[in-house]
Amino acid sequence: EVQLVESGGGSVQTGGSLRLSCAAYGVAYNSACMAWHRRAPGSGREGVAAINSDGTTNYAESVKGRFTISRDRGVLYLQMDSLKPEDTGMYYCAADSFREAHIFCTGGPTTWGLGTRVTVAS
């Protein structure tokens with residue numbers, strides 16, 4: 001049983017920054033792919049950023065240049081700068097055992113966290 005726990009969400013003004021973290025528990029290996037997804041109110045899930053174990057990254061076009069995904073000592077991070085109201089939503093950490101950053105680690109079976117809420121006020 002793998003558990004992913006996100007933290008770092010909060011409420012900020014437009015142009016502000018947040019740093020999300022995702023810690024993995026109950027695993028005996030480093031996931032080959034880890035990613036951040038988000039779901040805005042009334043919208044479907046959207047891949048935001050992903051990173052393979054070889055360092056390959058993938059970003060949604062809407063966040064390129066503003067968000068940075070990284071992994072250090074088994075913890076996944078998402079540095080979010082220049083936040084916009086459209087970034088509002090629940091952010092979920094995902095992990096998979098194949099290098100699938102190009103599809104945001106959704107090749108399956110994907111392990112999901114419970115999410116952390118991000119609110120960006122205009």
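The values are calculated or read from the model by the stated rules, or taken from the named source; none is laboratory data. Note that the coordinates shown come from a computational prediction; the quantities given were computed from them, not determined experimentally. For accessibility, only protein heavy atoms count, side chains too; no ligands or nucleic acids. Shrake-Rupley method; radii C 1.70, N 1.55, O 1.52, S 1.80 Å.
If you count only protein heavy atoms with a 1.4 Å probe, what accessible area per residue comes out for the stretch 22-83, rounded to a whole Å²? Display every interim value, and only then the final one.
On the way: 3030 Å² over 62 residues.
Value returned for the stretch 22-83: 49 Å² of accessible area per residue.
Give me Rg/Rg_expected for the stretch 53-122, where Rg uses Cα atoms only and Rg_expected = 2.2 N^0.38 Å with N residues. Mind showing how you got there, number by number?
Details: Rg = 12.8 Å, N = 70, 2.2 N^0.38 = 11.1 Å.
Rg over 2.2 N^0.38 Å, computed on Cα atoms: 1.16.
Would you kindly derive the ³J(HN,Hα) couplings of the stretch 9-15 from the backbone phi angles with the Karplus curve 6.51 cos²θ - 1.76 cosθ + 1.60 (θ = phi - 60°), listing them in order in whole Hz, with x for Gly and Pro?
x, x, 10, 9, 7, 3, x
Output the direction-averaged projected area (hull surface divided by four) of the convex hull of the alpha-carbon atoms of the stretch 24-73, in nm². All intermediate terms of the calculation are to be shown ahead of the outcome.
Working: hull surface 18.4 nm².
For the stretch 24-73, averaging the hull's shadow over all directions gives 4.6 nm².
Relative to the present Cα-Cα distance, how much length would full extension add between Gln79 and Ser11 at 0.36 nm per residue of separation? Don't jump to the answer; show the numbers that get you there.
Numbers: separation 68, 0.36 × 68 = 24.48 nm, distance 1.47 nm.
Here the answer is 23.0 nm.
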